[in-house]
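Let me begin by presenting the structure, written as structure tokens, before commenting on it.
The values are calculated or read from the model by the stated rules, or taken from the named source; none is laboratory data. What you are looking at is a predicted structure, and each value in this text was computed from that prediction instead of being measured. Glycine gets a Cβ as well: all are built from the backbone with ideal geometry, and neighbour counts include every protein chain shown.
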Amino acid sequence: MRPQNQSRRSFIKGIIASGAVVSTGGLMFVSGCSENTLSPAAGSVERLISLNINGTVRRVDVLPNETLAMTLRNKLGLTGTKIGCDRGECGACSVLIDGVPNNSCSMLSHRVTNKNITTIEGIASPAGELHPVQQAMIEELAPQCGFCTPGQVISSVALLNNNSNPSREEARQALAGNLCRCGAYDHYLNAVLRAAEEIA
Amino acid sequence: MSTKDMMPNFDLFQPSDMGNAFDLLEQYGADAWPLAGGQDSLDWFKDRVKRPVAVIDLAGIPGMNGINETANGIEIGALTTLTEIAESPLIRDSYGVLAEAASRVASPQIRNIGTLGGNICQDVRCWYYRSGIDCYRAGGNTCYADTPEGLNREHCLFEADRCVAVTPSDTAPALVALDATMVIQNTDGMREVAAEDFFIGPDVDIERVTVLEPGDILTSIRIPSTWAGANYYFEKVADRETWDFALVNVAAVLRVSGDTIEGLRVVCGGVQCTPRRLNGVEDIVRGSARDEETIELAAGSAARGATTLNYNGFKIPLMENLVKRAIRDS
Amino acid sequence: MADNPTYKLIGKNFTPPDIEAKVTGASTYSEDFRAEGMAYVKMLLSPMPKCRVRNIDASEALALEGVYGIMTADDVPVFPNPGEQILTNEPNFVGEPILAIAAVDESTAANALELVNVEYEELPFVLDPLESLYPGGPDAYSGGNLVSSLRIEEEDELGDIGVVSHKWTARDFAAVDEGQLPMGQATMDWQYGDLDAAFNDAALVLDETFVTACNSHHSMEPRSAFSYWQNGKCYVHGSTQSQMFVVPGLANLIGITPDELVYISEFCGGGFGSKGGAYAVMALPAHFSRLISRPCMLRITRAEEYYLGSARASFQGRAKLAFNDQGKMTGADIYIVQQGGAKNPFGDFGAAGTMVSLVYTPESMRFRAIPIGTNTTPCGPQRGPGQNQMSAALEPLLDKAANALGIDQLEIRRINASNHETLTGGENRQKVSSSYMLDAIDMAAERFDWSNKFARNGERNGSKVIGVGIGQGYHSAGIAGFDGLMRILPDGKLHIHTGVGNLGTYSYASTSRVAAEVLDMDWDNCVIERGDTSKHLPWTIGQFGSLTTYTMSRANYAAAMDMKQKLQEIAAMDLGGNAEDYDLANETVFNINDPTQSITYAQAAQRALELGGKYSGEDPNGTNPLTQASVAGLAGSGLIGVARDTTPLNEHISAMVATFVMIELDTETGNYEILEFVSSGDCGTVNHPLGLVGQLRGGACMGIGMARSERQIYDPQNGLPGSVGLYQAKPPSYLDVPAFMDVSAVDQPDPTNPMGMKGIGEPPVGAAVGAVLAAVSNALGGYYFNRNPVTSDMILNAASGREQSNSPLQILTQ
């Protein structure tokens, strides 16, 4: 079968031949939205919304059926938030919504227009100084494959914000929604307790 | 079979008052989908099995959140999160069975957004049904679980009617145990339904699990003070301690005076399509001493009348044991 | 673990260079890449376990705005049956990709897929190998149920001669009791020792039929891939455990030569065996990108990962074990029928035999096995493939034997433990290079306080009962023959090029430290080059099979020795004397007799550029062609050290772990909590202490999952998989594993490795699953399930005297 939209083909070929076009993080196109979306019904949500992410208000074009994880990753270049299951089962996509850990894969972006969203990219200081949780995870060699790590950091930071001196059991309960298939649970718990000491 | 996780297109409405929400529900009828926490809804959309035209996000409607004391108990907004319920001092102190049930739902992240209303209204978790095949509950004319070869470990012991799925909720049995009342509103007004009557089995309607009809919104849950501060017991047995559904759970409240159990309500989830109130157990125990004989009699009768499937026979001893513990250890 | 006094770097912790990116979210996995004009690819999967595509009508889908194109099986190469296909018109498992659509975004692609009309012809399918082996039983593959290369020598290139239809006789099935494994003709059949005498003279004979679970890998990162073409090369960002090992296979899948492929895999979100080499679906975006001239992203969903991401094979097995009155296993007669899956099965069955021979050291042994295709997800390798199923099956049975013989459960393991002289089973028996398993058992037993803990076995507190169990795990842990490549630049920095991949074990870095150790480099002056073939990487083993540490420490040692030799030669050239007069310290080459006579590494690198030839990379030193190409790419940039690890290796490298657990099992709920967990391993010299304990604990978590919750189920009626979400497939969470795990290592060097190192990644899984299952059986007073996982329903049935729901040989069931 032949590709559609032949007219665009030469244009794209030009881009490809012109050198490196691959990036992570950077938003290189205005919108990944489908042009085939039916015109929205009167009274339904606007597509152009503002999201307060990591202290910055970002204007972004969001479909009504779009999850926050997709908006962050595909529209805003914040790919530190990982999609492990897209079903709220693994916690890899955890972000803080007004300080509370949530699975961004199971949250419509339109739900959080008036909230403060913190992603993994917003955990270290703007100057790049690591949060004690991040530093402790490095010292405990907590991440293995690293895919669940942003979610583990988010849940740990939320815990320590509410309880600066958690017991191992409290940490275990607080992180229970973050699966780690590498089985680095012990190391993450060690890191949470180490970070708590650091903060104290 | 296509891949499962991109939601089909829909229009999203975020009404800021109840009236607006009812207008939308009326306008779209069966094509409307009221959205609470979204933890079950979004899965159905991603599966592309449920395909509403209009999704009506209830989160922005004032008054559907929060826990308030009333003259004769408490009223919980249907959109109150499971975390709020699990952590509420009021609920922990007086209605501990509900706090404990809420704390055992899924994971911290789910409890942070999942609502009480959503948790009790969530659809069944039969793996055949969830895989999107054409079973009775999905509008077809067969059940794949209730067959000689069907894998039905999680399925029901009671009240099967073509469908053998069970209620997956942890909080629903607690609400039935507490004799809660569901407050339902629609354009015609408000009605109250006892928790026990709120959940419906396949004999009543095989495509729904509650009495809610198009146009209805569950707005709050009222819990009478009848069982406030009573002894209680909640236990959930599941394969995993996080993010799993009960094989069987039990919620019980007991009023104990001296050695005597003066009154009680005992409810099991995971054994039929609705939370199963164990009237027989209650009758045996009510007015009796909390002794070995009563406990054994009650446990022995807990699963009377069960019809097992090929893989779920273990639910009989499990029910019996959980009832035993509920009466013994509450 | 104490500091190793012999070395400056070996045995010390360090901060791996990639770890900070993991905690900040800056780490980039394959689905994190974006490009202008990129297309999103989504696949249509087979809804049936076996069928034939009769017709595809995609006209409506292609008319949808935003759709760029469609690919079907007609647009991609066909690979020999029963190998994985990129797309196929003859799917043989639910979830096998049939076609794919590329569109402006994922929603559009998903919408378009719903508009494609496919006509299928349904074909008979089979889930149970025994059903397929029965005369007239269905075959899972097109044309057979057994890969013919396992039986005959020749294989046709593309035809169906790659498989044969293998059946047992009705008499084979009739010859056994109900519930016993029949044992017809096998494809693997080896024997050593006098088996008949062992069974005739035995004090105890066990004859047990067992099954083990098929379970998914549950890698947290689904196997997404991103690809584009640029300046005649195909760029692929993939999710693989390995780096260079992927290249030949992936190039073949794309239909290009390795030098036309740039493969980028800087991070991998878990593989556990399922992403060891190239796999078919990762080539799809490359093909699609070539077709529509756009960068193409294929994001794999969680459900897709379960459908096609492969799984550990189920075993249906029979173990006849003979013991003398001391508890020594004198004979083992093992038969394994392996669930083959829908594609070429991995060789779990073969590893199972080696495991038995090395962990239990039976004096005589016969091993028979056969893998038979099933219309289930492909059965690929999963962390300890074969070995760990055997730990699950046999560790509880060892206790059964000990109990019957009146022997301590620790003692029966000690008496059967391997030593430095132990031989593998198989056609060519090999001696192990070293085995400190007895030390590992004793170390763990002491840390666990075995005798006092075992005294508590069966202790009751209301409905709760204590169970104590021991498990043992084994895996081969090293091979030889791969390449090392490094260079010193004129700025004095050592760049170590490694092609092993980044599975999360940090062994890419810890084995690179071997080179730094040999060259006495400050670790801060070392740079690891990895993650992208355009960085000129050597041909190295992939990250799998517990192989990296042993294999790559040898290869990097070889290349570092080449570097050392060159440094000595350059110094001798400039400062006089012979190369042997010089040694290395503090990043200088100095004359042993007059240490003031020295040059720095930086100076040596500068001299290498002037000298040219082998010093600056004009001689690839007999390495693999892929390494040679990399050396050529680096030529002229500095002093090059490159070598193949040619030191002969004639022994079998074996790593083992012993695990002790204490559980509290509630007979009223069938649940249990693991109260104590102690593990000790034999992994040779400890290289990276934190990395090691991470592997021991992480492997244990997987073993605990195997023991208590993980399994793939398939509906016998329609072949539909039922474990396609995490809550259905049930990998353990924080709350399902112990809150603390005590892990340690014997830390004794292996004589065949220059630094004494061996691998350790896989044995902890088997040791944990064995220990937990043994503890459950002990808690129940010697109730043997002969099945994993043991779930609460099974425990309840056992505790309440009910019959189990499954028949003994049933697999893929609840």
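Of all the listed residues (C:783, C:734, C:727), the sole one being more than 8 Å from every other protein chain (Cβ to nearest Cβ) and of a type outside the set (A, V, I, L, M) is C:783. Taking the numbered list (1) assigned to a loop (DSSP other than H, G, I, E, B); (2) facing chain A (nearest Cβ under 10 Å); (3) within 17 Å of the chain's Cα centre (by Cα) in turn, residue B:105 passes all entries but (2).
Results for (1) more than 7 Å from chain C (Cβ to nearest Cβ); (2) farther than 13 Å from residue C:734 by Cβ, shown as yes or no for each residue.
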{"residue": "A:115", "(1), (2)": "yes, yes"}
{"residue": "A:121", "(1), (2)": "no, yes"}
{"residue": "A:129", "(1), (2)": "yes, yes"}
{"residue": "A:148", "(1), (2)": "no, no"}
{"residue": "A:183", "(1), (2)": "no, no"}
{"residue": "A:192", "(1), (2)": "yes, no"}
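Given the criterion surrounded by 22 or more Cβ atoms within 10 Å (Cβ to Cβ), charged (D, E, K, R) and either more than 22 Å from residue B:318 (Cβ to Cβ) or not assigned by TED's automatic domain parsing to the domain that holds residue B:56 (or both), identify the matching residue among B:205, B:170.
Details: B:205 fails: surrounded by 22 or more Cβ atoms within 10 Å (Cβ to Cβ).
Exactly one residue qualifies, and that residue is B:170.
Of the residues A:87, A:111, A:73, the single one that is over 28 Å from residue A:186 (Cβ atoms), assigned by TED's automatic domain parsing to the domain that holds residue A:58 and either touching a Lys or Arg at 6+ places or on another chain (Cβ under 9 Å) or not in a helix (DSSP H, G or I) (or both) is A:73.
Taking the range C:687-700 as the range and being over 15 Å from the mean Cα position of the chain (by Cα) and either more than 9 Å from chain A (Cβ to nearest Cβ) or not aliphatic (A, V, I, L, M) (or both) as the test, the residues that pass are C:687, C:688, C:689, C:691, C:692, C:694, C:697.
Looking at the range C:772-794 only, could you name the residues that are aliphatic (A, V, I, L, M) and closer than 23 Å to residue C:678 by Cβ? Of everything in the range C:772-794, those that are aliphatic (A, V, I, L, M) and closer than 23 Å to residue C:678 by Cβ turn out to be C:772, C:773, C:774, C:775, C:776, C:779, C:780, C:790. Residues that are farther than 25 Å from residue C:761 by Cα, within 22 Å of the chain's Cα centre (by Cα), of a type in the set (A, V, I, L, M, F, W, C) and within 11 Å of another protein chain (Cβ to nearest Cβ) occur at least once in the range A:132-145.
Of the residues making up the range C:573-590, those that are within 46 Å of the chain's Cα centre (by Cα) and either within 18 Å of residue C:640 (Cα to Cα) or buried (at least 16 other Cβ atoms within 10 Å of the Cβ) (or both) are C:579, C:581, C:582, C:583, C:584, C:587, C:588, C:589, C:590. Out of B:91, B:110, B:85, one residue alone is more than 16 Å from the chain's Cα centre (by Cα) and of a type outside the set (Gly, Ala, Ser). It is B:91. Within the range A:53-94, if we keep just the residues that are in contact (Cβ under 8 Å) with a residue 24 or more places away in the chain and of a type in the set (D, E, K, R), the residue that is surrounded by the fewest Cβ atoms within 10 Å (Cβ to Cβ) turns out to be A:61. Go through the range B:33-55 residue by residue and tally those that are crowded, with 20+ Cβ neighbours inside 10 Å, more than 10 Å from every other protein chain (Cβ to nearest Cβ) and not in a loop (DSSP other than H, G, I, E, B). Residues flagged as crowded, with 20+ Cβ neighbours inside 10 Å, more than 10 Å from every other protein chain (Cβ to nearest Cβ) and not in a loop (DSSP other than H, G, I, E, B) within the range B:33-55 amount to 2. Filtering the range C:27-49 to residues that are away from chain B (no Cβ under 14 Å) and either surrounded by fewer than 20 Cβ atoms within 10 Å (Cβ to Cβ) or not in a strand (DSSP E or B) (or both) leaves C:27, C:28, C:29, C:30, C:32, C:36, C:37, C:38.
I'd like to check something: does the range C:273-284 contain any residue that is among the aromatic types (Phe, Trp, Tyr), buried (at least 23 other Cβ atoms within 10 Å of the Cβ) and more than 22 Å from residue C:71 (Cα to Cα)? If you could, list the steps in order and put the result at the bottom.
Taking the range C:273-284 as the starting set, the residues that turn out to be among the aromatic types (Phe, Trp, Tyr) are C:279.
Pick out the ones that are also buried (at least 23 other Cβ atoms within 10 Å of the Cβ) and you get C:279.
When the remaining residues are screened for being more than 22 Å from residue C:71 (Cα to Cα), the result is none.
Checked the range C:273-284: no residue is among the aromatic types (Phe, Trp, Tyr), buried (at least 23 other Cβ atoms within 10 Å of the Cβ) and more than 22 Å from residue C:71 (Cα to Cα).
Selection of the range C:103-147 for residues being away from chain B (no Cβ under 12 Å) and either over 30 Å from residue C:811 (Cα atoms) or free of Cβ contacts under 8 Å to residues at least 12 places away in the same chain (or both) yields C:104, C:117, C:119, C:131.
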